[in-house]
Amino acid sequence: MSQGGKVEIVQTTPYEGQKPGTSGLRKKVKVFTQPNYTENFVQCTLDANGAALDGSTLVVGGDGRFYCKEAAELIVRIAAANGVSKLLVGQNGILSTPAVSSLIRHNKALGGIVLTASHNPGGPENDFGIKFNTENGGPAPDAFTNHIHKLSTEIKSYKLVRGLQIDIGKVGETSYTVDGKPFVVEVIDSVANYVRHMEQIFDFGKLRDFVSGKSNGKPLKMRIDSMNGVTGAYVREIFLNRLGAAEASVVHTTPLPDFGGLHPDPNLTYAKDLVDTVAKGDYDIGAAFDGDGDRNMIIGSKAFFVTPSDSLAVIAHYLEVIPYFQKNGVHGFARSMPTASAVDLVGKKLGKEVFEVPTGWKYFGNLMDVGRLCLCGEESFGTGSDHIREKDGIWAVLAWISVMQHTGKSIEDILKQHWSVYGRNYFTRYDYEECDLEPCNEMMATMEKNITAADFAGKSFSSGGKTYKVKQADNFNYTDPVDKSVATKQGLRIVFEDGSRIVMRLSGTGSSGATVRLYIDSYEKENVLGQASVMLKPLIDIALEISQLPKFTGRTAPTVIT
Ligand code: G16
């Protein structure tokens, strides 16, 4: 069936603050639903592609949060008016972030528009977000998002095919003629392509025998918590239908516009239900994901917590148990700067390159594209590989189950064995959420001035009977090894003589105010079975003293401790 439509030019004026953060533009729903706000940003995002947009294919989908479906329909009408030839839209506007990345790559699309505010709460009073992923499937790089921002300050009009009849609730293809040119919308099953992709990476036969208990006589006891985010449908298809897990293994699998009131951030604070249930119950593995399915948290029996830094290192160590890596080989590893350096030790032992990039998955893309990087991770509960250009929560759980299947060991034993070989990087992160922005900016500026003063290196700080001598301190800068682009001021960093570190930065994913992140890590070769909170207490106190955080923020305790 072919329908028609006419391009309309709608006058508009710029909105301030349409500057994408670490991963896209994230604001309150109330901000996005102001007249022309979303339209402006979408038009600028499309315009940032230049001439390549004409005749292109784009993927559109999001995590199902409040305003997702309306925004997806709006994007169809705007894209139709801007010369795009074809849109692949997830049914009801639903696609996880990893699924979008996979679809862009499989369909050789120009890119994709992802509708998500990730781990931020959803609903009419909470957050919405829009980000653009480029043709490699990864989040747009800084130069691209800066371009969007610049366009947003100058925009005078946007284009729209107002009357276009669309039904994104039904899978199928619809052809249109827009001002005489063909335009196609294909509404696709949200999970099918992604599930096929996972089947190509992992040995589903082996995993099924392990999960269902066929190979060792006892089914794997799992609790997979989708936190009412987008992963629900993917989890049901993969873990229940393909791997034969029992229905009770998966919870909160219905994507809800407000995540059922949950804060879909897989950490020890916001995934409390999972942690408490696994702590009390009889489980081998617990896992949770964020709203859009790119983050993951892994816990073992009795809620034994695996830090994301350790998770990355363990997967790196066992990477070749996964068929994808047997076939494609293991290239380098990478982590974001605040992530503890456990993976560096694995890379060193295996003779692989290891890269340290700024916070943000977009910084891994170039290295993956040139084949120097196949596995990377971030302390912010992100783990993934070069199968796509986003972190991938479900992939991480499948990787862990593959390691469990291969070793026949519990998660706790896998970690203990790992530490006995490599030593342990104790790590903790303190988040101070929704602080006032101005004093936080002042705090960061003051701290930068202090730690970059000529006499700071060489200074000693003592607390709890321990003394740390500063080796180096800076505001982290990064030059991309591939395109030589430079990212400056990516986080304040104090490195001590023994390798311990204090890192502080302001979050780039909040929608209002400021969230301060304080990262502490310290390496121990022998003393590997301590409690992180105890081991790191002296350094935390030193960090609070150097940064004067309580004075600037008025906070005496963090909102979240990881
Ligand atoms: C995004 C990026 C991640 C990054 C994280 C940092 O995660 O995709 O690569 O590590 O932000 O967040 P912040 O700036 O708040 O520390 P997500 O899951 O929100 O898309």
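Worth a mention:
- Filter result (over 16 Å from residue 282 (Cβ atoms), in a loop (DSSP other than H, G, I, E, B) and either touching a His at 6+ places or on another chain (Cβ under 7 Å) or touching a residue at least 60 places away in the same chain (Cβ under 8 Å) (or both)) within segment 204-222: 215, 216
- For first residues located in segment 445-457 and in the same structural domain as residue 471 (by TED's automatic domain parsing) and over 16 Å from residue 471 (Cα atoms), partners that are crowded, with 16+ Cβ neighbours inside 10 Å and hydroxyl-bearing (Ser, Thr, Tyr) and lie 6+ apart or on another chain with Cβ distances below 9 Å form the pairs 446/547; 447/547.
- Residue 400 vs. criteria in contact (Cβ under 8 Å) with a residue 60 or more places away in the chain, more than 24 Å from the chain's Cα centre (by Cα) and more than 16 Å from the ligand (Cβ to nearest atom): no
- Taking segment 1-94 and the strands (runs of 3 or more DSSP E) fully enclosed by it, the elements with 1 or more residues that are more than 23 Å from residue 121 (Cα to Cα) are at 2-5, 8-11, 57-62, 86-94.
- Checklist (1) over 20 Å from the mean Cα position of the chain (by Cα); (2) within 16 Å of the ligand (Cβ to nearest atom) applied to residue 51, failing item: (2)
- Condition check for residue 258: buried (at least 24 other Cβ atoms within 10 Å of the Cβ), under 20 Å from the mean Cα position of the chain (by Cα) and either hydroxyl-bearing (Ser, Thr, Tyr) or not assigned by TED's automatic domain parsing to the domain that holds residue 61 (or both): no
- Residue count for segment 514-562, restricted to those that are under 25 Å from residue 469 (Cα atoms) and either assigned to a loop (DSSP other than H, G, I, E, B) or among the hydroxyl-bearing types (Ser, Thr, Tyr) (or both): 14
- Subset of segment 485-518 (residues that are of a type outside the set (Gly, Ala, Ser) and over 19 Å from residue 442 (Cα atoms)): 486, 495, 496, 497, 498, 501, 509
- Cβ-Cβ under 6 Å pairs, at least 6 apart or on other chains, segment 513-539 side among the acidic types (Asp, Glu), far side within 16 Å of the ligand (Cβ to nearest atom) and outside any strand (DSSP E or B): 521/340
- Within segment 282-305, the residues that satisfy the criterion of being touching an Asp or Glu at 6+ places or on another chain (Cβ under 9 Å) and either surrounded by fewer than 24 Cβ atoms within 10 Å (Cβ to Cβ) or not assigned by TED's automatic domain parsing to the domain that holds residue 250 (or both) are 300, 301, 302, 303, 304.
- Taking strands (runs of 3 or more DSSP E) as the structural unit, those lying wholly within segment 371-485 and holding at least 2 residues that are surrounded by 19 or more Cβ atoms within 10 Å (Cβ to Cβ) and touching a strand residue (DSSP E or B) at 6+ places or on another chain (Cβ under 6 Å) correspond to 375-378, 382-385, 424-435, 466-475.
- Any chance residue 341 is closer than 20 Å to residue 406 by Cα and either within 17 Å of the chain's Cα centre (by Cα) or of a type outside the set (D, E, K, R) (or both): no
- Failed criterion for residue 340 (all others in (1) closer than 22 Å to residue 286 by Cβ; (2) surrounded by fewer than 24 Cβ atoms within 10 Å (Cβ to Cβ); (3) among the aliphatic types (A, V, I, L, M) hold): (2)
- Filter result (part of a strand (DSSP E or B) and either buried (at least 20 other Cβ atoms within 10 Å of the Cβ) or within 13 Å of the ligand (Cβ to nearest atom) (or both)) within segment 488-505: 492, 494, 496, 501, 502, 503, 504, 505
- Counted residues, segment 466-489 - those being of a type outside the set (Phe, Trp, Tyr), closer than 30 Å to residue 370 by Cα and touching a helix residue (DSSP H, G or I) at 6+ places or on another chain (Cβ under 9 Å): 9
- Only one of the numbered conditions (1) crowded, with 19+ Cβ neighbours inside 10 Å; (2) modelled with pLDDT under 95 is violated by residue 246, and that is (1).
- You will find that of 277, 269, the residue that is farther than 15 Å from residue 418 by Cα, surrounded by fewer than 21 Cβ atoms within 10 Å (Cβ to Cβ) and within 16 Å of the ligand (Cβ to nearest atom) is 269 and no other.
- Set side by side, the residues 276, 265, 310 differ, and just one is free of Cβ contacts under 8 Å to residues at least 60 places away in the same chain and acidic (Asp, Glu), which is 276.
- Listed by first and then second residue, the pairs linking a residue in segment 377-393 that is within 15 Å of residue 324 (Cβ to Cβ) to a residue that is within 9 Å of the ligand (Cβ to nearest atom), with Cβ atoms under 7 Å apart and 6 or more places separating them unless they lie on different chains, are 383/391; 384/390; 384/391; 392/294.
- Applying a threshold of 6 Å to beta carbon distances and a minimum spacing of six or more residues, or different chains, the list of pairs starting in segment 356-367 at a residue that is assigned by TED's automatic domain parsing to the domain that holds residue 98 and at pLDDT 95 or above and ending at one that is within 8 Å of the ligand (Cβ to nearest atom) and assigned to a strand (DSSP E or B) is empty.
- One residue from 508, 513 being within 16 Å of the ligand (Cβ to nearest atom) and touching an Asp or Glu at 6+ places or on another chain (Cβ under 6 Å): 513
- The set of residues from segment 16-41 being hydroxyl-bearing (Ser, Thr, Tyr) and under 22 Å from residue 141 (Cα atoms) comprises 22, 23, 38.
The values are calculated or read from the model by the stated rules, or taken from the named source; none is laboratory data. Keep in mind that what you see is a predicted model, and the values were worked out from it rather than measured. Every residue, glycine among them, receives a Cβ derived from its backbone with ideal geometry; neighbour counts consider all protein chains shown.
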